[in-house]
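Shown next, in structure tokens, is the structure this report addresses.
The values are calculated or read from the model by the stated rules, or taken from the named source; none is laboratory data. In this text the structure is predicted, and so the values were computed from the model without any measurement. All Cβ positions, glycine included, derive from the backbone under ideal geometry; neighbour counts span all protein chains shown. Ligands, DNA and RNA are excluded from the accessible area calculation, which covers all protein heavy atoms including side chains. Shrake-Rupley method; radii C 1.70, N 1.55, O 1.52, S 1.80 Å.
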Amino acid sequence: MDANDNNASEPPLPSADANEPPLPPTDTNGPPLPPTDTNGPIEAHEPPLPSTGAVSPPRTGIAALSPRYQVAGALAMALIAATACVHVGMLFLHVAPANTMTKQHGQVVDDWIYPEFEQNWKLFAPNPMQQNIAVQARAEVRTDGGDTRTTGWYDLSARDGAAIDGNLLPSHTQQNELRRAWDFYVGAHDAQNRPRGLRGELSERYIRRIVVMRVEREEPMGPGATIERVQVRSKTTNVPAPGWSDEKVNTKPVLRQLSWWSVTPDDMPLGKAQESEGDAR
């Protein structure tokens with residue numbers, strides 16, 4: 001048997017056809033390469049992804065409101081901003097030295113500031129206040145049975161001091177309301193307690209309302225009693241001089257007692273005033 005016989009026993013190799021594409025080449029180190037054509041690589045066609053529209057985020061704040069409410073909100077914010085600017089301007093003119101604006105419009109500034117927004121710079125004065133002033137009040141009360149009784153003196157300043165003592169965050173009302181109201185009254189009245197113009201009358205109504213409100217809290221004659229009149233007095237005591245000073249200071253208390261004031265519905269808290277009007281009807 002010769003070599004030709006060995007070759008005859010093997011199956012013949014398939015003949016290559018020129019019209020058939022060649023087999024894709026393979027790479028032993030990676031995935032098979034894409035099939036190629038004689039005219040170029042065969043492109044793989046994938047179905048297009050469905051198109052989706054862009055979703056806008058939800059609106060928040062004023063933008064979420066309807067146009068009508070957006071206009072109302074914008075107007076409200078503009079009004080608040082304008083009021084804040086006017087208030088800051090009035091405070092500046094009040095504490096600023098005398099100038100052309102305060103000379104021409106001083107009354108307008110005072111009407112805006114007093115009494116709620118009054119500013120006091122005595123803390124920075126070279127000679128600060130050296131007195132202890134205690135404001136006291138008593139009331140004439142009508143009980144449910146129709147009897148009229150007079151209470152004892154309430155030391156309103158001492159109650160404020162007790163509320164501030166040991167309090168890390170005392171309220172502005174406890175620290176300044178009564179003290180500043182009494183200072184406002186004294187500055188707007190003469191030694192005979194006669195008011196000086198409109199400020200005197202305003203300070204009188206202001207201190208009377210504070211006194212009525214605070215005595216009302218005490219319920220001097222029990223629930224249901226009505227305050228008909230109030231009286232206010234102050235006790236002023238000079239602070240003693242320190243031991244190292246040769247200054248002689250008179251520490252004898254000085255009393256200032258006002259006349260009785262009749263209480264009107266305008267002097268009482270809103271709810272109490274409405275109850276009084278209902279009882280009168």
How many residues are open to solvent by 80 Å² or more (accessible area, probe 1.4 Å) and over 20 Å from Arg199 (Cα atoms) when one looks only at the range 86-121? 5
Please tell me if Gln104 is closer than 30 Å to Glu201 by Cα, assigned to a helix (DSSP H, G or I), among the polar types (S, T, N, Q) and at pLDDT 80 or above. yes
Can you find a residue that is more than 22 Å from Pro265 (Cα to Cα), at pLDDT 90 or above, loosely packed, with under 14 Cβ neighbours inside 10 Å and under 33 Å from the mean Cα position of the chain (by Cα) anywhere in the range 187-199? yes
The range 154-183 residues that are under 25 Å from Glu219 (Cβ atoms), paired with ones that are in a strand (DSSP E or B) and open to solvent by 60 Å² or more (accessible area, probe 1.4 Å) (beta carbon under 9 Å, 6 or more apart): Asp155/Lys235; Ser157/Asn132; Ser157/Ile133; Ser157/Lys235; Arg179/Ile133; Trp182/Ile133
Can Ala225 be described as open to solvent by 60 Å² or more (accessible area, probe 1.4 Å) and of a type in the set (A, V, I, L, M)? no
Step by step: first the residues of the range 63-85, then only those that are of a type in the set (A, V, I, L, M, F, W, C) and open to solvent by 70 Å² or more (accessible area, probe 1.4 Å), then the one that is nearest to Glu118 (Cα to Cα). Which residue is that? Cys85
For Arg179, all conditions in the list (1) open to solvent by 60 Å² or more (accessible area, probe 1.4 Å); (2) out of contact with any strand residue (DSSP E or B) (no Cβ under 8 Å at 6 or more places or on another chain); (3) part of a helix (DSSP H, G or I) hold save one; what is the number of the exception? (2)
Within the range 158-173, identify whether any single residue is at pLDDT below 90, within 22 Å of Arg199 (Cα to Cα) and not basic (Lys, Arg), and answer yes or no. yes
Condition check: in contact with a Ser or Thr (Cβ under 6 Å, 6 or more places away or on another chain) and modelled with pLDDT under 90. Does Gln119 satisfy that? no
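When the residues of the range 238-248 are narrowed to those that are over 37 Å from the mean Cα position of the chain (by Cα) and surrounded by 11 or more Cβ atoms within 10 Å (Cβ to Cβ), which ends up farthest from Ala139 (Cα to Cα)?
Going through the qualifying residues, I end up with Ala241.
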Name the single residue, out of those in the range 251-267 being exposed (fewer than 12 other Cβ atoms within 10 Å of the Cβ) and at pLDDT below 90, that is farthest from Met213 (Cα to Cα). Thr251
Take the conditions more than 25 Å from Phe117 (Cβ to Cβ) and part of a helix (DSSP H, G or I) and apply them to Ala191. Does it pass? no
